[in-house]
Amino acid sequence: MRLSGAGARPIAGRILRFAPAAEWQPRTARMAELIDEEGRMVDQVVATWFARPNSYTAEDVVEISCHGAPVVLRFCVARAVEAGARPAEPGEFTLRAFLNGRLDLPQAEAVRDLIEATTLYQARVAAEQTTGALSRRLAPLKNQLCDLIALVEAGLDFAEDDVPVASAEALLARLDPVLAGISRLAASYAYGKLVHEGIALAIAGCPNVGKSSLFNRLLERDRAIVTEVPGTTRDTVSETATLAGIPVKFIDTAGVRASADRVESLGIERTYDAISEADLTLVVIDASMPVEAADIELVRHAAERGRHLVVANKCDLARRAAIEPGWIEVSALKGNGIGALRERIADTIAPEGGVERETGFITSLRHEQLLLQAQAHIEKARKAVVRGEHHDLLAVDLYGALQAIDELTGATTADDILNRIFSTFCIGK
């Protein structure tokens, strides 16, 4: 249990009993007894005091480590409330860290992303952002923008004296790098969104082409039932795994064929729904059999719905299908070609992923929207320079861009925005 605020130590002193010893020093763990109202011991605990400002919230913080039994933890919280504490609101500890200058807003949001991470890559990205990676990328752009605003303001001061401060060429030379940097960072959300939210990948095909076998092979475990009987899969089966650091929801679907069976027909309807909703579809054909009209129709249907790859399965058997360029040959049974298929999937869902990983990227829709606002203001400012408009108009747009950047980092963020952000946190963080 964690206490934060000026009363953290006094409250801890009311619910804990320390053995007579040296004074409790900051950042030092001490054994203590958690006691009830009558002074009877309920648990032996370890208590650690972090003196402000050297704590997570930049306030006095006391952390009490119990033995973990839920009943003891609930008792510890109840005792703290009786002694003068109150339960924290969602994200309140991190909100206090932000308000006290311990974290900027992107760092605080990254704490939430780190807690919610489902893959190690997501965790690494969030951990990097908790160290201020985004703010460090924005800092030089903001400094250049501030320098440009100062130059334009100086031009306005000397305008009455007909003293030119900077030519249009000089202004553009300062403006263009800022525009390029902000545009590049905003565009990185296309990859960051994949990392943060993941994708849905549907595996579709005619009956008995090996969809479920491929599904299991990509997951690297037996999740779907596999038999030689056509139509074994009658409903969609889904499982999430990681591919190139991106959470991928693999969806095994029912084989597409004409069927009078009501249950199988419903499964086939769900197959078409899965194809429509998926970010990527793998259309599986049987390479050991001639390509049928139904295979071609399913490829056409998937192509109309979005991104797709055609996988020629059973390449370990004698080939009878006419393989077209771009189709990927695999054997779900033996594992042949699975590595190449994984690479093609990764390249299809995130063609610029390698570049983004090297240069950094944003994973928040809020960040993208504010960067796009800043980009739009700077583009308007650039047009004003090209058209030779008065510097008053130029300054308005430059200040608009600066305000968007400050809102992103939390320098000028309204309270309702903060409440919306921190309400998504879990209690106790």
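The values are calculated or read from the model by the stated rules, or taken from the named source; none is laboratory data. What you are looking at is a predicted structure, and each value in this text was computed from that prediction instead of being measured. FYI the Cβ positions are ideal-geometry reconstructions off the backbone, even for glycines, and counts take in every protein chain you see.
Going by what's in this entry, would Leu138 be described as assigned to a loop (DSSP other than H, G, I, E, B) and within 20 Å of Leu370 (Cα to Cα)? Full working, then the answer.
On the way: assigned to a loop (DSSP other than H, G, I, E, B): no; within 20 Å of Leu370 (Cα to Cα): yes.
Against the criterion (assigned to a loop (DSSP other than H, G, I, E, B) and within 20 Å of Leu370 (Cα to Cα)), Leu138 does not qualify.
Quick check: is even one residue across the range 275-295 out of contact with any Lys or Arg (no Cβ under 9 Å at 6 or more places or on another chain) and modelled with pLDDT under 85? No - not one qualifying residue is present in the range 275-295. Residue-level analysis places Val152 outside the set of residues that are under 30 Å from Thr281 (Cβ atoms), surrounded by 20 or more Cβ atoms within 10 Å (Cβ to Cβ) and touching a helix residue (DSSP H, G or I) at 6+ places or on another chain (Cβ under 9 Å).
When you scan the range 75-88, do you find a residue that is closer than 30 Å to Ser135 by Cβ and in contact (Cβ under 8 Å) with a residue 24 or more places away in the chain, even just one?
Pass one, the range 75-88, residues closer than 30 Å to Ser135 by Cβ: 88.
Checking the rest, the ones that are also in contact (Cβ under 8 Å) with a residue 24 or more places away in the chain come to 88.
Among the residues of the range 75-88, at least one is closer than 30 Å to Ser135 by Cβ and in contact (Cβ under 8 Å) with a residue 24 or more places away in the chain, which makes the answer yes.
Restricted to strands (runs of 3 or more DSSP E) entirely inside the range 1-71, those with at least 1 residues that are under 22 Å from Arg86 (Cα atoms) and either acidic (Asp, Glu) or touching a Cys at 6+ places or on another chain (Cβ under 6 Å) (or both) are 29-35, 41-50, 61-65.
Identify, from the list Ala126, Ala117, Ala97, the residue that is outside the structural domain of Asp36 (by TED's automatic domain parsing) and free of Cβ contacts under 8 Å to residues at least 12 places away in the same chain.
On the way: Ala126 fails: free of Cβ contacts under 8 Å to residues at least 12 places away in the same chain; Ala97 fails: free of Cβ contacts under 8 Å to residues at least 12 places away in the same chain.
Criteria check complete, one pass: Ala117.
Can you name the residue in the range 161-214 that is assigned to a helix (DSSP H, G or I) and β-branched (Val, Ile, Thr) and is also nearest to the chain's Cα centre (by Cα) among such residues? My answer is Val195. The single condition among (1) at pLDDT below 90; (2) not in a helix (DSSP H, G or I) that Gln122 does not satisfy is (2).
Just the residues that are part of a loop (DSSP other than H, G, I, E, B), within 23 Å of the chain's Cα centre (by Cα) and either surrounded by fewer than 23 Cβ atoms within 10 Å (Cβ to Cβ) or basic (Lys, Arg) (or both), please, taken from the range 91-105. Before you say what the answer is, go through the steps one by one.
Narrowing the range 91-105 to residues part of a loop (DSSP other than H, G, I, E, B): 91, 100-104.
Filter once more, so that each one left must be within 23 Å of the chain's Cα centre (by Cα): 91, 102-104.
Within the range 91-105, Arg102, Asp104 qualify.
Taking the criterion of being exposed (fewer than 15 other Cβ atoms within 10 Å of the Cβ), in contact (Cβ under 8 Å) with a residue 24 or more places away in the chain and more than 38 Å from the chain's Cα centre (by Cα), the residues of the range 293-339 that qualify are Leu317, Ala318, Arg319, Arg320, Ala322.
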